[in-house]
Amino acid sequence: MMTPGELDAFLAEQRTCRVATVGGDGAPHIGALWFVWDGTALWLYSITRSKRWAQLLKDPRIAVVVDDGHEYGELRGAELAGRADFVGEAPRTGEPCPELHAPEGLFAAKYFGMDAMPHDGRHAWLRLTPDSVASWDFRKIPG
C-alpha cells in the first residue's frame, strides 16, 4: 500500500479517475472524470445532466478508482469510497462559494493551466470525503 504522502502525491499527479455509482435497480454505472485531491477530499467536476448525477441524487454512494502502470510490476492505484456531497450551485455558474475556492483553483491549474476556473453552465461539483481508502503499489513488491 502507499504511505499517506505517496497517496497524496499520486492523486495530485494523476488526471483521470473512474467513478462508480449505483442505479435504482442496483446496477452499477462507471464513467471517467477529471478530479482534484485536496489532501482530504476528492473533488469531481461532473456534467449535471449525466446518468452519474441523476443516480447520485437518489443514492449518494460512490466509489472511485485512480490507477496507473503498464507492466505488472508498475501497477499502483487507490480506491476511495463513501458518499458524494453536492457543493455549490448546479450547474455551476461561478456564484461565490468559499468552499469551492481551493478545489476550483487546483482544477483550473491542473487541467487548463489557468488561475481561475472557467464555468460552462453544464458542470457542477461533487465532493467525496472517503469513508475508506485502499491503495496498492506493485513497485514495492520485492524481486
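Taking label points 7 Å from Cα along the Cα-to-Cβ direction, T129 and D8 give a separation of 1.8 nm.
Estimated at 0.36 nm per residue, the fully extended path between D120 and D68 surpasses their Cα-Cα distance by 15.8 nm. In percent, rounded to a whole number, the relative contact order of the chain is 28, using alpha-carbon pairs under 8 Å and six or more apart.
Applying the criteria of a DSSP loop state and at most 15 other Cβ atoms within 10 Å to the trypsin sites (Lys or Arg not before Pro) of region 80-143 yields R122.
Between 0 and 90 degrees, the angle of helix 4-13 with respect to the longest Cα principal axis of the chain falls at about 60 degrees. Once C-alpha pairs closer than 8 Å and six or more residues apart are averaged by separation and normalised to the residue number of region 92-143, the relative contact order reads 35 percent. Segment H29..I141, full-extension length gain: 37.1 nm, with 0.36 nm per residue of separation and the alpha-carbon distance subtracted. Selection among V66, H29, G82 by position relative to the dipole of the chain gives H29 as farthest towards the positive end (Cβ unit charges, Cα centre).
What number comes out for accessible area per residue over region 1-81 if the probe is 1.4 Å? Units Å², please.
On a per-residue basis, region 1-81 sits at 52 Å².
The values are calculated or read from the model by the stated rules, or taken from the named source; none is laboratory data. Since this is a predicted model, take the numbers as computed values, not measurements. When we count neighbours, we look across all protein chains shown, and the Cβ atoms used for this are built from the backbone with ideal geometry, even at glycine. Surface areas here come from the heavy atoms of the whole protein model, side chains and all, with no ligands, DNA or RNA. Shrake-Rupley method; radii C 1.70, N 1.55, O 1.52, S 1.80 Å.
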